[in-house]
Amino acid sequence: IDCICNASSNPIEELYDIKLFVMQHLKNEQASPQFQLKKYYPDIYEALKFKQFEKMQESVKESLQKGVDTGLFRSDIDLEFISRMYFNGMTGIKDETIFPKELFNNMDYLMESYLEYHLRAIVTTKGLHILNKFINQSTVKHNV
């Protein structure tokens, strides 16, 4: 993920690239080490989750600042608050009590929908043009 962040000059594209990376590497969530840790070693899982939060918090705040600096994100956003909301949302969509598989069996759909929801709240008009481009590309890929 650090490589994606370092290579990107556009924070909207960066978030879409990270989403693709995560989707490719988390195909089977129940076989993942994190799922196993949560089930059998909850204390270790909580410590790991906090480390994950710290790393993601740092990356997301940098990305948000880059978006503000390039005029793609609103200048009045609270970086600390928005970065925490983003982390909470991305981890929250994996909660099956809130998003049961019977209703939401496609993690790609959940991530795509949340990413669009998140970005629409913070983009400028300039950022919205770029966001719409990614939404249209994604729609074409899903319809193929």
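The values are calculated or read from the model by the stated rules, or taken from the named source; none is laboratory data. Predicted model only: the values in this text are computed from it and were never measured. Methodologically, a virtual Cβ is constructed for each residue, glycine included, from the backbone with ideal geometry; neighbour enumeration extends over all protein chains shown.
Structure data summary
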| read-out | value |
| --- | --- |
| Scope region 91-144; condition among the β-branched types (Val, Ile, Thr) and either in a helix (DSSP H, G or I) or modelled with pLDDT of 95 or more (or both); matching residues | Thr91, Ile122, Val123, Thr124, Thr125, Ile130, Ile135, Thr139, Val140 |
| Region 112-135 residues that are without any contact (Cβ under 8 Å) to a residue 12 or more places away in the chain, paired with ones that are surrounded by fewer than 17 Cβ atoms within 10 Å (Cβ to Cβ) and part of a helix (DSSP H, G or I) (beta carbon under 6 Å, 6 or more apart) | none |
| Number of the exception - Ile98 against (1) farther than 19 Å from Asp17 by Cβ; (2) aliphatic (A, V, I, L, M); (3) in contact (Cβ under 8 Å) with a residue 40 or more places away in the chain | (3) |
| Residue in region 27-40 that is exposed (fewer than 14 other Cβ atoms within 10 Å of the Cβ), more than 17 Å from Leu15 (Cβ to Cβ) and in contact (Cβ under 8 Å) with a residue 12 or more places away in the chain present | yes |
| Residue match in region 98-117 (condition: surrounded by 13 or more Cβ atoms within 10 Å (Cβ to Cβ), within 15 Å of Glu14 (Cβ to Cβ) and touching a His at 6+ places or on another chain (Cβ under 9 Å)) | no |
| Of residues in region 61-85 being more than 16 Å from the chain's Cα centre (by Cα) and among the small types (Gly, Ala, Ser), the one surrounded by the most Cβ atoms within 10 Å (Cβ to Cβ) | Gly71 |
| Candidate set from region 13-40 (those that are in a helix (DSSP H, G or I) and of a type in the set (Ser, Thr, Tyr)); member that is modelled with the highest pLDDT | Tyr40 |
| Qualifying residues in region 41-90 (those that are of a type in the set (Gly, Ala, Ser), at pLDDT 90 or above and assigned to a helix (DSSP H, G or I)) - the one nearest to Gly127 (Cα to Cα) | Gly67 |
